[in-house]
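The values are calculated or read from the model by the stated rules, or taken from the named source; none is laboratory data. Note that the coordinates shown come from a computational prediction; the quantities given were computed from them, not determined experimentally. Glycine gets a Cβ as well: all are built from the backbone with ideal geometry, and neighbour counts include every protein chain shown. Accessible surface areas use protein heavy atoms only, side chains included; no ligands, DNA or RNA. Shrake-Rupley method; radii C 1.70, N 1.55, O 1.52, S 1.80 Å.
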Amino acid sequence: MHHGTCPNYLTLALHQPKRHVMTNGTLSILHADAAGIAAAVDLLRAGKRVAFPTETVYGLGADASNDTAVAGIYAAKGRPSFNPLIVHLPDLEMARTLCDFNDDALRLASAFWPGALTLVLPLKPRVGISKLVTAGLDTLAIRVPDHPVAEALLTAFGGPIAAPSANPSGRVSPTTAAHVMAGLGDRIEGLVDAGPCGVGLESTIISCVDAPALLRAGGIPAEAIAACLSQPLAISADPATPVAPGQLASHYAPSATIRLNAQIAEPDEVMLGFGAVDARLNLSPSGDLTEAAARLFDYLHQLDAMGAARIAVSPIPNHGLGAAINDRLQRAAAPRD
Ligand code: TXA
Ligand code: MG
């Protein structure tokens, strides 16, 4: 391992883990520094799986041009292979080599990249993206993340990195390296630890294949996206008829059962609050939706770790980031197999 000069992301990284450790001979936990990034790139080039931080949630990355590496993502997550993956890129320039951008797509990319926006666009032919990434579709989901460590990794790797959220399929997305360790620690080769994710919810997904359409509410409010477009944003609000393949009703599930829009916890319930309520954990006592989004998945993980069997959740206003928070809570509360 070599040590180069310190680039900006060193000072920008939210948190530095204290050690570089090898766990059970296979997983390298890497610092969010130049040496850690270099080691992560080596693993990716060798077709290995590396979990890394983004501003939304931790992603489980692999070389998007390597079929075997991408198959390894599905294997680690236990994900149905018909569910396509988001490809992460260092910049719009590389994105334009992979996908066709219409005016709306260019407008959105210019306004929100780097950031928590994924665009689904027509995939150009013969650009080397593994068919396993798109699950055979002729469209590709792409985004440029707004996180110094993700940006450093993507720039150093110099190519597209396919990355779903770094959790076992159907479980709550990880917003810390500890969440990744708990869910996938024995199934991946690398993990870059840069502390908690700032946004805490997955990216907003917009299809610009035809008229712009919201496929998944997320870290950028739909209102902000609609305001940027030249035509109305079509919204698929019904979780029973998902338009993003794999947006199954029961998803993001903790082990506990969840009751939504609760004013007060029943005796056998643990309260997950929002606003001025009495609660074991409170997403935001002051009623701030951005703070609530950043805490949501961590608190669901914490309630799981406490062994809570039943969780009651305060009502969350349905505007701005509240729409994405409610989407995730409804999926967490949905009946499952
Ligand atoms: O914030 C995020 O988006 C995180 C971080 C790691 O970037 N990633 C993430 O990926 O949430 P994942 O795999 O958990 O969710 C990807 C979603 C799925 O619902 C999938 O169906 C949809 O994107 N998707 C991917 N490709 C698509 C396509 N070509 N058309 C429609 N939906 C697509
Ligand atoms: Mg996910």
Just the number please: accessible area per residue for the chain, 1.4 Å probe, all protein chains included, in Å².
42 Å²
Could you tally the net charge around residue 86, taking each other residue with its Cβ under 12 Å from the Cβ of residue 86, Lys/Arg +1 and Asp/Glu -1?
+1
Reachable aspartates and glutamates from residue 77, criterion Cα separation under 14 angstrom, eight or more residues apart if same chain:
186, 189
Just from its helices, what would the mean residue ellipticity at 222 nm be for the chain, if runs of 4 or more DSSP H residues each count -39500 (n - 2.57) and the sum is divided by every residue, rounded to the nearest 500 deg cm²/dmol?
-9000 deg cm²/dmol
Sequence order, region 101-106: Karplus ³J(HN,Hα) from phi using 6.51 cos²θ - 1.76 cosθ + 1.60, θ = phi - 60°, Hz rounded, Gly and Pro as x, gives 9, 8, 4, 5, 4, 5
Let me check against my output: what whole-number percent is the relative contact order of the chain, with C-alpha pairs under 8 Å and at least 6 apart?
19 percent
Neighbourhood charge, 15 Å Cβ-Cβ cut-off, centred on residue 266 and excluding it, Lys, Arg +1 and Asp, Glu -1
0
Enumerate the amide H contacts of residue 258 below 5 Å, restricted to partners 5 or more residues apart or on another chain; note that Pro and chain-start residues carry no placed amide H.
311
Rounded if a/c is under 1.5, else prolate if a/b beats b/c, else oblate: with a ≥ b ≥ c from the C-alpha gyration tensor eigenvalues square-rooted, which is the chain?
oblate
Nonlocal amide H pairs with residue 147, under 5 Å, H built at 1.01 Å:
55
Within 10 Å, count the other beta carbons around each residue, average over each peptide in 197-210, 126-139, 270-283, and list them highest first.
197-210, 270-283, 126-139
Summed side-chain charge close to residue 158 - residues other than residue 158 whose Cβ falls under 15 Å, Lys, Arg +1, Asp, Glu -1
-4
